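Trainee: Dumping the structure here so I can ask a few things about it.
The values are calculated or read from the model by the stated rules, or taken from the named source; none is laboratory data. Because the structure is a prediction, the values reported are computed rather than measured. Positions of Cβ are generated from backbone atoms using ideal geometry, with glycine treated the same way; all protein chains shown enter the neighbour counts.
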Amino acid sequence: MNNDDRHFRQRSFWLATGIGLFVLLFFGFEYRMMSRSLSYPVSEKSSLSGILSFIPLDIGNWQGRDIPLDKAVVQAMAVDDYINRSYTHYPESQKVELFITCGERVRDLMPHRPEVCYPGNGWLLRSSEKKLLRMDDGWSFECRILHFDRGGLSDTRMTVLNYYVVDGRYVPDLSAIRSTMWRNYKSMGYMLQVQVACESSQSHLGENATDLAVSFALESVQAIRALLSTAQKPAVASMP
């Protein structure tokens with residue numbers, strides 16, 4: 001090996017090492033900034049407590065009822081507020097489940113997402129897709145639709161429509177939330193997570209479960225938008 005080859009390899013080695021260190025330092029800084037922002041303490045009494053109860057039980061032709069969760073489950077969720085409801089559409093008697101959590105500590109809400117919770121309860125994620133939903137007034141928002149089943153010989157399926165609201169911004173997944181927090185890591189207001197779930201089988205609803213979830217999401221988001229627009233803006237947790 002001549003001197004030129006040796007010098008070239010040395011320069012390549014140190015260049016690669018320098019790039020690697022830069023990447024590690026950059027993402028380490030990003031993680032620390034997001035971690036501080038997501039975990040920074042807020043007031044003991046959250047301004048979001050009880051806000052979701054104002055979402056009506058009657059939404060269009062849908063009639064809802066509250067389904068209480070076990071106290072241990074509620075405590076483990078560590079959220080400021082939640083609702084867990086079953087809505088029935090009349091006269092067809094078709095059903096969907098609505099689960100919404102909200103809080104000022106975004107980090108506490110991030111684990112409670114469909115791709116984590118459903119597999120933890122025995123469901124297998126088969127596919128997911130993003131879908132743009134558009135209201136009659138032209139306003140639109142993007143969501144995700146995830147498809148689960150039980151596997152094996154079971155034909156039971158679960159379709160889950162999922163989206164988030166971060167300080168008034170409607171986003172479909174955590175990547176958009178991370179982008180928001182990176183751009184404005186010094187302050188945060190609140191986050192809502194909305195899940196609309198529809199259980200079905202090949203002999204009942206089948207592919208129509210997606211249409212049913214979308215239909216309810218479009219009707220219920222009007223109530224969510226109205227609630228957030230009229231409610232007092234939550235106090236922002238700011239870093240010094």
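Trainee: Sort out which residues of the stretch 70-97 are aliphatic (A, V, I, L, M) and either touching a residue at least 24 places away in the same chain (Cβ under 8 Å) or in contact with a helix residue (DSSP H, G or I) (Cβ under 7 Å, 6 or more places away or on another chain) (or both), and write them in order of number. Quick ask: steps written out before the conclusion?
Mentor: As a first pass, look at the stretch 70-97 and keep what is aliphatic (A, V, I, L, M): 72-74, 76-79, 83, 96.
Of everything in the stretch 70-97, those that are aliphatic (A, V, I, L, M) and either touching a residue at least 24 places away in the same chain (Cβ under 8 Å) or in contact with a helix residue (DSSP H, G or I) (Cβ under 7 Å, 6 or more places away or on another chain) (or both) turn out to be 77, 78, 79, 83, 96.
Trainee: Could you tell me whether residue 200 is part of a helix (DSSP H, G or I), surrounded by 16 or more Cβ atoms within 10 Å (Cβ to Cβ), polar (S, T, N, Q) and at pLDDT 85 or above?
Mentor: Numbers: part of a helix (DSSP H, G or I): no; surrounded by 16 or more Cβ atoms within 10 Å (Cβ to Cβ): yes; polar (S, T, N, Q): yes; at pLDDT 85 or above: yes.
So residue 200 does not fit the description; no.
Trainee: Here is a list: 159, 180. Which entry is of a type in the set (S, T, N, Q), surrounded by fewer than 20 Cβ atoms within 10 Å (Cβ to Cβ) and either modelled with pLDDT under 95 or in a strand (DSSP E or B) (or both)? If you could, list the steps in order and put the result at the bottom.
Mentor: Working: 159 fails: surrounded by fewer than 20 Cβ atoms within 10 Å (Cβ to Cβ).
Only one candidate qualifies: 180.
Trainee: Which of the residues belonging to the stretch 59-78 are over 18 Å from residue 198 (Cα atoms) and acidic (Asp, Glu)?
Mentor: Within the stretch 59-78, 70 is the sole residue that qualifies.
Trainee: So which residues in the stretch 118-134 are within 16 Å of residue 158 (Cα to Cα) and either touching a residue at least 40 places away in the same chain (Cβ under 8 Å) or of a type in the set (Val, Ile, Thr) (or both)?
Mentor: Taking the stretch 118-134 as the starting set, the residues that turn out to be within 16 Å of residue 158 (Cα to Cα) are 118-129.
118, the sole residue that qualifies.
Trainee: If you check residue 188 against the conditions, is it at pLDDT below 80, of a type outside the set (S, T, N, Q), farther than 18 Å from residue 50 by Cα and surrounded by 21 or more Cβ atoms within 10 Å (Cβ to Cβ)?
Mentor: Yes.
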